[in-house]
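*Asks:* Here it is, the structure, as structure tokens.
None of the figures in this text is laboratory data; all of them are computed from the coordinates on show. Note that the coordinates shown come from a computational prediction; the quantities given were computed from them, not determined experimentally. We place every Cβ from the backbone using ideal geometry, glycine too, and count neighbours over all the protein chains shown.
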Amino acid sequence: MPTIQGTIEAAFEKLTGVTVEVIGSSRTDAGVHALGQVAHAVLKDCPIPTENFLNALNNLLPNDITIANVQEVPDAFDAISDTISKRYDYLINTNPIRSVLARNEWHRPGLLDVDKMAKAAEFLIGKHDFKSFASAADERECSVRTIIQCSVEQECDIIKISVQADGFLYNMVRNIVGTLVEVGRGRWEPGFIKDILAARDRSAAGPIAPACGLCLMEIFYE
């Protein structure tokens, strides 16, 4: 299947004549968007100046992939292990009419109590065991993560849920969003988040939100 990584690697090879492995910092589910993905590639003795790489690569990429910045980094830099935190945003469109132009939103018509959702989000901030918000397919031994920031805001018909953490479990953000929506529609009170965390059981949390509304916004380094 075509992938973003493979497409960029093919552009590298066409540009330089060398097979290069592009290592992305964060894996995203199918259907999830990324505006702030970071990747590194080792390319030595290349005659193309760094400042020319940006336009050269973009000229070889399809319209749905764009390189935003290119820069040289120390040999020891690693896009994965040097990450200190990541931020994802999730957009929910509550308008009764679905927009045919918006591919980066979950169209969920109907009112949600954003104030209660925001209060519930505060219980997620800090260092917790997020086993209840991990996909059953996530087999990592440690499910403890630290959420640095978790907010819920609304502007007109769009609700934005923003989550920044030192790391994420598989489907963690989408499961958080689905749970906050359950709070917003009145199924649970905000404080029930504490019970969900304590359960360490995926079935204790809300349903998973669709992939289309999720976007990787930024990856933070020292």
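*Asks:* Of the options Thr3, Val38, Leu54, report the single residue whose Cα projects farthest towards the positive end of the charge dipole of the range 1-81 (beta-carbon charges: Lys, Arg +1; Asp, Glu -1).
*Replies:* Of the options given, the answer is Thr3.
*Asks:* Compute the helix-to-body angle for 172-184: its Cα long axis versus the longest principal axis of the chain, expressed 0 to 90° and rounded to tens.
*Replies:* Its long axis makes an angle of about 30 degrees.
*Asks:* Show me, for the range 77-85, the HN-Hα J-couplings you get by feeding each phi into the Karplus relation (A = 6.51, B = -1.76, C = 1.60, θ = phi - 60°), rounded to Hz, glycine and proline as x.
*Replies:* 5, 9, 5, 8, 6, 8, 5, 9, 6
*Asks:* Hey, another quick one. Given charges of +1 on the Cβ of Lys and Arg and -1 on the Cβ of Asp and Glu, with all other atoms neutral, how large is the dipole of the range 84-221 about its Cα centre, in debye to the nearest 20?
*Replies:* It comes to approximately 180 debye.
*Asks:* Go ahead and collect, in residue order, the members of the range 158-197 whose backbone nitrogen is under 13 Å from a label point 7 Å along the Cα-Cβ direction of Leu111.
*Replies:* 185-186
*Asks:* I've got another one for you. Multiply the residue separation of Thr19 and Leu60 by 0.36 nm, subtract the distance between their alpha-carbon atoms, and state the gained length in nm to one decimal.
*Replies:* So the extension gain works out to 13.2 nm.
*Asks:* Report, ordered by chain and residue number, the lysines lying within cross-link reach of Lys194, taken as a straight Cα distance under 29 Å and ignoring same-chain residues fewer than 8 apart.
*Replies:* Lys86, Lys116, Lys119, Lys127, Lys131, Lys160
*Asks:* Tell me, what is the percent relative contact order of the range 1-81, built from C-alpha pairs under 8 Å that lie six or more residues apart?
*Replies:* It comes to 31 percent, rounded to a whole number.
*Asks:* State the extension gain, in nm to one decimal, for the chain segment bounded by Ile97 and Tyr221, taking 0.36 nm per residue of separation less the distance between their alpha-carbons.
*Replies:* Length gained between Ile97 and Tyr221: 40.6 nm.
*Asks:* Of the DSSP beta bridges with both residues in the range 97-216, give the percent that are antiparallel, rounding to the nearest 5.
*Replies:* Of all bridge pairs located within the range 97-216, approximately 100 percent are antiparallel.
*Asks:* Below 8 Å, C-alpha to C-alpha, sequence gap of six or more: please give me the relative contact order for the range 84-221 in percent.
*Replies:* About 38 percent, as a whole number.
*Asks:* Please arrange Ser25, Ser81 by how many other C-beta atoms lie within 10 Å of their C-beta, fewest to most.
*Replies:* Ordered from fewest to most neighbouring Cβ atoms within 10 Å, Ser25, Ser81 come out as Ser81, Ser25.
*Asks:* In which sequence would Cys46, Cys142 go, from the one with the fewest C-beta neighbours within 10 Å to the one with the most?
*Replies:* So the residues, fewest neighbours to most, are Cys142, Cys46.
*Asks:* Still on this structure: Quick check: net charge around Leu214, other residues with Cβ under 13 Å of its Cβ, Lys/Arg +1 and Asp/Glu -1?
*Replies:* +3
*Asks:* Find the centroid of the Cα atoms in the range 135-186 and in the range 1-71, then give the distance between the two in whole Å.
*Replies:* Going from one Cα centre to the other spans 28 Å.
*Asks:* Have a look at Ala209, Ile125, Ser151 and report the one farthest towards the positive end of the charge dipole of the range 84-221, computed about the Cα centre with Cβ charges (Lys/Arg +1, Asp/Glu -1).
*Replies:* Ala209
*Asks:* Treating only the Cβ atoms of Lys and Arg (+1) and Asp and Glu (-1) as charged, compute the dipole magnitude of the range 1-128 about its Cα centre; round to the nearest 20 debye.
*Replies:* 600 debye
*Asks:* Which residues' amide hydrogens lie under 5 Å from the amide hydrogen of Ala34, considering only partners 5 or more residues apart or on another chain, with H built in the peptide plane?
*Replies:* Leu216
*Asks:* In the chain, what % of DSSP beta bridges are antiparallel (nearest 5)?
*Replies:* Looking only at bridges with both residues in the chain, the antiparallel portion is about 90 percent.
*Asks:* Taking 7 Å along the Cα-to-C-beta vector as the label spot, tell me the Asp195-Ile158 distance in nanometres, rounded to one decimal.
*Replies:* Roughly 3.5 nm, to one decimal.
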